[in-house]
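One structure is given below, encoded as structure tokens.
The values are calculated or read from the model by the stated rules, or taken from the named source; none is laboratory data. Just so we're clear, the structure is a prediction, and the values are computed from it rather than from any experiment. Accessible surface areas use protein heavy atoms only, side chains included; no ligands, DNA or RNA. Shrake-Rupley method; radii C 1.70, N 1.55, O 1.52, S 1.80 Å.
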Amino acid sequence: MSNDWQAGEPDEATLNWGVAEADSSTKVRIRKGQPEIKHIPFYKFPYYPDVLDLRKCGYEIENFAEIFDQLDGAHYRHAMVAHILLHLPTDEYGRMGDGSGGNPLWNPRRARELEFEVRAALHRFGLSDVPTLLRRMIGKALPGDSMTHIGVDLLNVFFWAALAKVARDFAWRSPNLEFAADYLEYPVRRAFRTAR
């Protein structure tokens, strides 16, 4: 029985695993002729039927790469900002105040209401699957045992940011979607201190 693969030779599949996906967001280091993959973002290996369903709705994963990269690079301090905004009352400077979450600029209950308005609008435009697909893809960022209460808050605000991107694409059809998009993406902008 002939065996083309000999002991000591590197396996081609092992050598090429993840290399095709290597780009600026993938950390690859070559060591002794073999790539050593340091980190591959969660969205680089998606569930393929979800990719096809998202494509059928007119979107590619690359449309959300900036948001997904932010989520992939999020630290505990970012998750704490999301947690505080969702659950602890603060004033406009981030100090604790009274009330039920949010601050004078942003309220989690209003964000949930706007999420459902955006979902209703997307349903009218024939894109009712997009929020579910985005939620499923974002949920893979923190698999299994790494899911905590604070992690769930982080995933929620990033889901809103991804939903805001879709809402902005359809703001020309429904002008209130622009306001909803700004409101929904506020926690991510606040956590990462980014300006729009």
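Worth a mention:
- Residue match in segment 68-81 (condition: open to solvent by 100 Å² or more (accessible area, probe 1.4 Å), at pLDDT below 60 and not β-branched (Val, Ile, Thr)): no
- Any helices (runs of 4 or more DSSP H) falling wholly within segment 106-176 and containing at least 2 residues that are under 17 Å from Tyr43 (Cα atoms): 129-139, 149-169
- Number of the condition not met by Ala65 [criteria: (1) aliphatic (A, V, I, L, M); (2) modelled with pLDDT of 90 or more; (3) open to solvent by less than 70 Å² (accessible area, probe 1.4 Å); (4) farther than 22 Å from Arg193 by Cα]: (4)
- Residue check for Ala191: over 13 Å from the mean Cα position of the chain (by Cα), of a type in the set (Gly, Ala, Ser), more than 12 Å from Val118 (Cα to Cα) and open to solvent by less than 60 Å² (accessible area, probe 1.4 Å): yes
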